[in-house]
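To start, the structure under review is shown below, and the notes come after it.
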Amino acid sequence: MELAESFSVDEGVDAYGVRKEVSFEGDQVVTKLTYDAAPMLAQAHAERNATAGERWGEMRKVGTIPMVVLNEINRTIPGAMDRSAAILGWLKANPRMVSFDKFLK
């Protein structure tokens, strides 16, 4: 059975800010997942400003990681220690998502 035309379905944005679009092109189905990091970047910037000059403390929030990134780390990296290292590495590679400047020093 062959489809006469192509079409797309936009499932919208989920609770984690991920938009899912599914395209049907002939006999192929393409799934596209995207997210808008702008709100998370703005929040991290505001938190950096609010915590400027503060000292380290127990249970300090140091950054925000998009759920899609965290899910990928959890799915692909075995072991809690390795996952923690990957999370810290991701934050250092994405300093605009850091909400506590002293983390980067």
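Annotations
- Among the residues of the stretch 65-84, those identified as part of a loop (DSSP other than H, G, I, E, B) and either in contact (Cβ under 8 Å) with a residue 40 or more places away in the chain or hydrophobic (A, V, I, L, M, F, W, C) (or both) are ILE65, PRO66, ILE77.
- Checklist (1) assigned to a helix (DSSP H, G or I); (2) touching a Phe, Trp or Tyr at 6+ places or on another chain (Cβ under 7 Å); (3) under 22 Å from VAL18 (Cβ atoms) applied to LEU41, failing item: (2)
- For beta carbons closer than 7 Å, sequence separation of 6+ or different chains, a first residue in the stretch 31-49 that is over 21 Å from PHE103 (Cα atoms) and a second that is assigned to a loop (DSSP other than H, G, I, E, B), the qualifying pairs are TYR35/GLY17; TYR35/PRO66; ASP36/GLY17.
- Flag if GLU54 is surrounded by 13 or more Cβ atoms within 10 Å (Cβ to Cβ) and outside any helix (DSSP H, G or I): no
- Residue-level check: of (1) out of contact with any strand residue (DSSP E or B) (no Cβ under 6 Å at 6 or more places or on another chain); (2) surrounded by 12 or more Cβ atoms within 10 Å (Cβ to Cβ), VAL68 misses just (1).
Read-outs: derived from the displayed coordinates by stated rules, not from any lab. Not measured: the values here are computed from a predicted model. Counting neighbours? That spans all protein chains shown, and the Cβs are built from the backbone with ideal geometry, glycine included.
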